[in-house]
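To start, the structure under review is shown below, and the notes come after it.
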Amino acid sequence: MNWDDRLDQWDVERELASRLEDSDWVTLQEAAARTGVSRAALRTWYRGDLIPSRLVDGPHGPQRLVPLAMVAARAGESPRLRRKWEKRLGEEALVELLQHRIDDLEARVAALEKRDPTGRRGSAPG
């Protein structure tokens with residue numbers, strides 16, 4: 001290995017260490033819930049050294065922790081998971097849009113009720 005290769009490797013290791021320091025380490029269950037990645041996939045990833053992991057003492061024995069930011073980044077590279085997120089975000093955006101529409105309609109109904117407190121439609125002076 002020449003010096004340039006070693007320096008490149010060192011830069012990569014430094015970048016990885018900096019990412020890990022800034023990331024929250026979470027249990028496999030929490031990582032799965034927050035990213036949509038199955039726990040089986042997470043186990044495959046850390047066993048294959050695709051993501052780092054730590055084994056810590058938990059309330060019921062040893063627990064495996066993984067850095068959430070790296071799980072999310074790796075999950076973002078998966079076309080299947082990306083489609084799942086886009087669908088979820090699409091549904092959330094639709095709900096948000098419908099909520100704004102409901103709020104607008106409620107405001108219009110309230111304004112109409114202020115003009116005619118009796119609630120009669122098309123009341124003409126008689």
Are there GluC sites (Glu not before Pro) in segment 29-108 that DSSP puts in a loop and that have at most 10 other Cβ atoms within 10 Å, and which ones?
77
If the chain between residue 77 and residue 40 were fully stretched, how many nm would it gain, using 0.36 nm times the residue separation less the Cα-Cα distance?
11.6 nm
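Bear in mind these aren't lab numbers, they're just calculated from the coordinates by the rules spelled out. None of the values given here were measured: they were computed from a predicted structure. Heads up, the Cβs are rebuilt from the backbone with ideal geometry, glycines too, and the neighbour counts pull from every protein chain shown.
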